[in-house]
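The values are calculated or read from the model by the stated rules, or taken from the named source; none is laboratory data. This is a predicted model, so every value here is computed, not measured. Positions of Cβ are backbone-derived with ideal geometry, glycine not excepted, and every protein chain shown enters the neighbour counts.
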Ligand code: HEM
């Protein structure tokens, strides 16, 4: 049916098998009255329930004398497994709306991390909306209509399109390749790993904010790849950077993609997987056992006018129970000495609290927060 249910205990678009396309947007609230925010979130939830069924936003159009409510470009297209996932940024909990006491401790702004070259115009935002679908027009249509419904209450701060998934989040999926040509998502949390989802992804009783139970925190990082430079690197060095073979995706200590990574294995006193290889530094063994659910997308935004080089890379998205003990320490380690750093630049960043799922018509994101 190509339909992912919108209502549920958890928001769709997190453990949902990663769709092929992404349209992501961060919004800033312009309204001063918290009721306007509530009304907008309610309107968005009603719209999301329609869109994820492949229906238009709003009632059937009747009046030729006003603009149509739905912009129309998804008419006749399948829902394409559309999911719409909404998150609240730390800035939503400042003094404006009286929500300061409701801010979860885990929703702390991401601190400065080694190697950061962040553009404030591609970072932050009071709200985020992640639309994923197997059809790019369906994903874009959702974001465009959300922006329209937000008019007068919130404005889009920045947005990012992703043209291909760079992770698998289900054992039913093949592992896709990122723009460096490597399989990405091999050692990811999969939706079948319900135990790991509870331990690392879904917020549980440990939270200081009951309204977040069943939710998750998302960190997005726009990571530009220095593609031209990467493309001049020898194959053996590319494989050393990740600690995996390019063709098979197998760890350098194994033969097949899903072989266990043996970080301790050494050859003539030197580790087979380099001391600064990406999969060593990112591995749970190097990070107090912590894991992330990665759900990123490849992007390209044309040519960098300053250099004439491609502006392309990975729009990294990761869901987790607490960024303070998951994304932040992992990225601090990677940003320090990952061999990959020679070929990447982090250019955008954001963190948002994604509340639990919308339960039914009349409910909306974070209703129990306000
Ligand atoms: C693993 C690519 C950034 C966390 C991998 C793998 C590749 C890869 C090819 C091995 C296959 C797999 O297990 O999925 C990249 C690229 C990046 C990037 C190209 C930037 C452009 C990041 C960042 C983080 C991260 C920013 C987190 C802060 C991980 C983790 C693993 C992994 C946790 C699994 C390690 C393991 O347990 O074996 N990445 N990655 N990656 N990456 Fe990245």
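For the condition within 14 Å of the ligand (Cβ to nearest atom) and touching a helix residue (DSSP H, G or I) at 6+ places or on another chain (Cβ under 8 Å), what is the one hit in 156, 180?
Working: 156 fails: within 14 Å of the ligand (Cβ to nearest atom).
Going through 156, 180 in turn, the sole match is 180.
For segment 301-316, give me each residue that is buried (at least 17 other Cβ atoms within 10 Å of the Cβ) and more than 9 Å from the ligand (Cβ to nearest atom). Before you say what the answer is, go through the steps one by one.
The first filter runs over segment 301-316 and keeps only residues buried (at least 17 other Cβ atoms within 10 Å of the Cβ), leaving 310-316.
Scanning segment 301-316 gives 310, 311, 312, 315.
Pairs under 7 Å by beta carbon, first residue modelled with pLDDT under 85 in segment 58-83, partner assigned to a loop (DSSP other than H, G, I, E, B) and surrounded by 16 or more Cβ atoms within 10 Å (Cβ to Cβ), six or more apart or different chains?
Pairs that qualify, where the first residue is modelled with pLDDT under 85 and the partner is assigned to a loop (DSSP other than H, G, I, E, B) and surrounded by 16 or more Cβ atoms within 10 Å (Cβ to Cβ), are 58/69; 58/70; 61/69.
Identify the residue in segment 1-45 that is in contact with a helix residue (DSSP H, G or I) (Cβ under 9 Å, 6 or more places away or on another chain) and assigned to a helix (DSSP H, G or I) and, among all such residues, is farthest from residue 148 (Cα to Cα).
34
Residue by residue through segment 109-121, note down the ones that are in a loop (DSSP other than H, G, I, E, B) and touching a strand residue (DSSP E or B) at 6+ places or on another chain (Cβ under 8 Å).
Going through segment 109-121, the residues in a loop (DSSP other than H, G, I, E, B) turn out to be 109-119.
Within segment 109-121, 109, 110, 113, 115, 116, 117, 118, 119 meet the criteria.
With the checklist (1) part of a loop (DSSP other than H, G, I, E, B); (2) more than 10 Å from the ligand (Cβ to nearest atom); (3) touching a helix residue (DSSP H, G or I) at 6+ places or on another chain (Cβ under 7 Å); (4) within 30 Å of residue 126 (Cβ to Cβ) in hand, flag the one item residue 353 doesn't pass.
(1)
Let me confirm something: among 319, 327, which residue is within 9 Å of the ligand (Cβ to nearest atom), under 15 Å from residue 201 (Cα atoms) and within 13 Å of the chain's Cα centre (by Cα)?
Values: 319 fails: within 9 Å of the ligand (Cβ to nearest atom).
The conditions single out 327.
Residues in segment 210-226 that are over 15 Å from the mean Cα position of the chain (by Cα), buried (at least 17 other Cβ atoms within 10 Å of the Cβ) and farther than 15 Å from residue 87 by Cα: how many?
2
Report yes if some residue within segment 227-234 is out of contact with any strand residue (DSSP E or B) (no Cβ under 7 Å at 6 or more places or on another chain) and within 16 Å of residue 291 (Cα to Cα); otherwise report no.
No, that holds for no residue.
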